[in-house]
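Enquirer: Got a structure for you, written out below as structure tokens; questions coming shortly.
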Amino acid sequence: MNLQENIRRILREETQGIESFLKQIMETYPETESFIGNIESFIKDSNCKKIEVAMFKYPALGLAVHNGVLLNQVIFKKELSDFLFILFHEIAHQYQYKKYGDDKMYEFYLDETDVKDAAIEMKKIEITADEFANRKVREFVKLGFISVPNGKTLSAYKDVPLSHFERLITQTKDMIKLKNVSSFDEIADLFYNIIKVNTI
């Protein structure tokens, strides 16, 4: 094993929360036991640092930030193919962070970025994550792991109007100013606090 592979292996082992998450998947969907390793590899290869399931304050199903993924616990009530689509969509964002870097993925919320331009780019990123998730679901179908109705394609963002993204970006920029946060970790914490129900 060369140095680069060794570093990747170490990084993959640092996905906080993955063991309990995979256990929850197998308990909810027992049929995944035979291919849970494929799901695990997909998550770890994205360099996802943390994966967590929680109750959400809002109807969103997931949140991906530079330091991990937060999933709404309601996704475990969905059919397996829908559950996997949601998971793969959020993990797709982790691959995007890995490919483009944190600066690119957080630029939507910087003051110098035009809101309309940022909304267009954000929608492209979300549609790309949808396409990525659909490809991954189809791959699992071809491997015989899961079945989905013929021709079923899931899409979370294709028909979402740009005004939704503009509003989200504007609200986030305002919140960042109000809370006086600037680092990516602080922005991620802000997102977590906005969306996650605190059960403590």
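The values are calculated or read from the model by the stated rules, or taken from the named source; none is laboratory data. Keep in mind it's a predicted model, so treat the numbers as computed, not measured. Note that each Cβ is placed from the backbone with ideal geometry, even for glycine, and that neighbours are counted across all protein chains shown. To get the accessible areas, we keep the full protein, side chains included, count just its heavy atoms, and leave off ligands, DNA and RNA. Shrake-Rupley method; radii C 1.70, N 1.55, O 1.52, S 1.80 Å.
Enquirer: Quick one: in region 36-59, which of the residues that are aromatic (F, W, Y) and more than 17 Å from A133 (Cα to Cα) is modelled with the highest pLDDT? Explain how you work it out, then say what you get.
Expert: Filtering region 36-59 down to residues aromatic (F, W, Y) leaves 42, 56, 58.
From what's left, more than 17 Å from A133 (Cα to Cα): 56, 58.
Values: F56: 94, Y58: 84.
Per the criteria, the residue is F56.
Enquirer: Condition first: open to solvent by less than 40 Å² (accessible area, probe 1.4 Å), under 14 Å from the mean Cα position of the chain (by Cα), among the polar types (S, T, N, Q) and under 22 Å from E139 (Cα atoms). Can you find one or more residues in region 32-52 that meet it?
Expert: Within region 32-52, one or more residues are open to solvent by less than 40 Å² (accessible area, probe 1.4 Å), under 14 Å from the mean Cα position of the chain (by Cα), among the polar types (S, T, N, Q) and under 22 Å from E139 (Cα atoms).
Enquirer: Now for a separate question. Enumerate the pairs (first residue in region 138-155 and more than 19 Å from Y29 (Cα to Cα); second residue anywhere and in a loop (DSSP other than H, G, I, E, B)) with beta-carbon separation below 8 Å, excluding pairs fewer than 6 apart on the same chain, so at least 6 apart or on different chains.
Expert: none
Enquirer: Which condition number does K99 fail, the rest of (1) basic (K, R); (2) part of a helix (DSSP H, G or I); (3) closer than 24 Å to N72 by Cβ being met?
Expert: Failed condition: (3).
Enquirer: Pairs only if they're at least six apart or on different chains, beta carbon under 7 angstrom, first in region 172-200 and of a type in the set (F, W, Y), second in a helix (DSSP H, G or I); list them, first residue then second.
Expert: These pairs meet every condition: F184/D102; F184/Y106.
Yes/no matrix, rows are residues, columns are (1) assigned to a loop (DSSP other than H, G, I, E, B); (2) of a type outside the set (K, R):
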site	(1), (2)
M122	no, yes
A129	no, yes
N134	no, yes
F140	no, yes
N150	yes, yes
A156	yes, yes
F165	no, yes
K173	no, no
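Enquirer: Assuming Y29 fulfils every condition listed in (1) open to solvent by 40 Å² or more (accessible area, probe 1.4 Å); (2) touching a helix residue (DSSP H, G or I) at 6+ places or on another chain (Cβ under 7 Å); (3) modelled with pLDDT of 95 or more apart from one, which condition is it?
Expert: (1)
Enquirer: For region 65-93, enumerate the residues that are among the acidic types (D, E) and either free of Cβ contacts under 8 Å to residues at least 24 places away in the same chain or touching a strand residue (DSSP E or B) at 6+ places or on another chain (Cβ under 9 Å) (or both).
Expert: Answer for region 65-93, where residues must be among the acidic types (D, E) and either free of Cβ contacts under 8 Å to residues at least 24 places away in the same chain or touching a strand residue (DSSP E or B) at 6+ places or on another chain (Cβ under 9 Å) (or both): E79, E90.
Enquirer: From the list K50, K44, which residue is among the basic types (K, R), in contact (Cβ under 8 Å) with a residue 24 or more places away in the chain and farther than 24 Å from L168 by Cβ?
Expert: Just one listed residue meets the conditions, K44.
Enquirer: Then there's this: State which residue is nearest to V74 (Cα to Cα) when the search covers only region 176-193 and only residues that are open to solvent by 60 Å² or more (accessible area, probe 1.4 Å) and assigned to a helix (DSSP H, G or I). Write out each step before concluding.
Expert: Restricting attention to region 176-193, the residues satisfying the condition of being open to solvent by 60 Å² or more (accessible area, probe 1.4 Å) are 177-180, 182, 185-186, 189, 193.
Among the residues that remain, those that are also assigned to a helix (DSSP H, G or I) are: 177-179, 185-186, 189, 193.
Numbers: K177: 31, L178: 31, K179: 29, D185: 26, E186: 26, D189: 21, N193: 18 Å.
Among those residues, the one meeting the criterion is N193.
Enquirer: Could you give me the residue pairs with C-beta distances under 7 Å whose first residue belongs to region 18-41 and is among the hydrophobic types (A, V, I, L, M, F, W, C), whose second residue is not in a helix (DSSP H, G or I) wherever it lies, and which are 6+ apart or on separate chains?
Expert: I18/I51; F21/I51; F21/V53; F35/F145
Enquirer: Now, a different point. Can you pull out the residues in region 127-150 that are open to solvent by 30 Å² or more (accessible area, probe 1.4 Å) and charged (D, E, K, R)?
Expert: Of everything in region 127-150, those that are open to solvent by 30 Å² or more (accessible area, probe 1.4 Å) and charged (D, E, K, R) turn out to be E131, R135, K136, R138, E139, K142.
Enquirer: Shifting gears a bit: Among the residues of region 152-174, what is the count of those that are modelled with pLDDT of 90 or more, aliphatic (A, V, I, L, M) and either open to solvent by 60 Å² or more (accessible area, probe 1.4 Å) or more than 24 Å from N193 (Cα to Cα) (or both)?
Expert: Of the residues in that region, 3 qualify.
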